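No value in this document is a laboratory result; all are computed from the given coordinates. Predicted, not measured: the structure shown is a model, and the values here were computed from it. Backbone-built Cβ (ideal geometry, glycine too); neighbour counts: all protein chains shown.
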Amino acid sequence: MSDLNALAASIVDGSITVLDLTSPLHSETPILALPEEFGQTAKFALEEISAYDERGPYWYWNNFHSGEHTGTHLDAPNHWISGRGLDDVSQIPVQRLIGPAVVIDKVAEVAANPDYCLDVADIKAWEEENGKIPKGAWFLYRTGWSKFGDDPAAFANADENGPHTPGLTPAAAQYLSEETEILGMGVETVGTDAGGAMQFEPPFPCHTMLMGANKYGVTQLRNLDKLPTQGAVVIVAPLPIVKGSGSPCRVLALM
Ligand code: MN
């Protein structure tokens, strides 16, 4: 049997589990809120066209409205000024949307400090224990934050100083961008950077360095607690929006 036939048979008989890492997309799906002087992304909204009625007696369908960066979504390299001129979301080679998952777990640290930032020492400690991060991997940052995903206020965790959600230090963002060959980074929060990252130097280091290195970001993941540290395969499927800077996407793990 070929490898692909064996894979298909294992999916059919359930010996490979297909796990959905995607947050459901609806009008209350949390979205990023920037300071009010900036443009804002849209919430997801359905607009009914017909529902087996006089507008369409045999069919139900909708138009939908959404930001590119609404819900579980992919950041393409051209999203950031550092990646200006690199691939838009329709140009990303599809081979680079599928890869082995590596999971770094900081649930306890984030529970103690919502502003926790993954640092280079954390990544090196992971590599000490598990080996070098493989080429073409999706680097998944398990923080436990998805438990707030149905409560936009708790998910944003903002006070008068802005949002408090976990992220990466500038040095860690640089390490992942320059010292590894990952496809990109997946997080449970609304964006790959920490809630307070506008104050970092550079601001939004994860966006700046990953996009500048032709790598991707994937946000608002769920079920990372069900993934092994290594061994799963992750498929990220954004819409091929021509000139798009990103897209809502379905993210699946095979394990
Ligand atoms: Mn984004």
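Quick rundown of the values:
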{"item": "Cα-projected label distance for Asp225 with Asp150, points at 7 Å along beta-carbon direction, nm", "result": "1.3 nm"}
{"item": "Members of Lys132/Lys226; Lys147/Lys243; Lys43/Lys243; Lys132/Lys243; Lys147/Lys215; Lys43/Lys215 lying beyond 29 Å, as alpha-carbon distances in this model show", "result": "Lys147/Lys243; Lys132/Lys243"}
{"item": "Per-q log10 I(q)/I(0), the chain, q = 0.10, 0.11, 0.14, 0.17 Å⁻¹ (Debye; single scatterer per alpha-carbon; no solvent)", "result": "-0.50, -0.60, -0.95, -1.36"}
{"item": "For the chain: relative contact order, % (alpha-carbon pairs under 8 angstrom, 6 or more apart)", "result": "29 percent"}
{"item": "Estimated distance in nm for a label pair at Lys124 and Asp53, the labels positioned 7 Å out from Cα along Cα-to-Cβ", "result": "6.3 nm"}
{"item": "Fraction of the pair-distance distribution of the stretch 68-204 above 18 Å, Cα-Cα pairs, percent", "result": "57 percent"}
{"item": "Difference of contour (0.36 nm per residue) and Cα-Cα distance, Glu178 to Asp115", "result": "20.3 nm"}
{"item": "Sites Ser27 and Met1, calculated FRET efficiency, Cβ-Cβ separation with R0 51 Å, nearest 0.05", "result": "0.65"}
{"item": "Most mobile listed residue (Ile11, Ile92, Ile133) in the chain, GNM with C-alpha springs under 10 Å", "result": "Ile11"}
{"item": "Summed residue charge, Cβ within 15 Å of Pro30's Cβ, Lys/Arg positive, Asp/Glu negative", "result": "-1"}
{"item": "Gaussian network model of the chain, springs between alpha carbon atoms under 10 Å - residue of Ala101, Ala156, Ala76 with greatest fluctuation", "result": "Ala156"}
{"item": "Cβ crowding within 10 Å averaged over residues, with 69-75, 40-46, 57-63, 114-120 ranked highest first", "result": "69-75, 114-120, 40-46, 57-63"}
{"item": "Rg/Rg_globular for the stretch 1-106, with Rg_globular taken as 2.2 N^0.38 Å and Rg from C-alpha atoms", "result": "1.52"}
{"item": "Dipole of the chain, positive direction: furthest Cα of Ile31, Pro170, Ile81, with charges on the beta-carbon", "result": "Ile81"}
{"item": "Taking all pairs of distinct alpha-carbon atoms in the stretch 140-203, Kirkwood radius in angstrom", "result": "12.7 Å"}
{"item": "For the stretch 98-138, diffusion coefficient by Stokes-Einstein and Kirkwood Rh (Cα), 4 °C, 1.567 mPa s, µm²/s", "result": "113 µm²/s"}
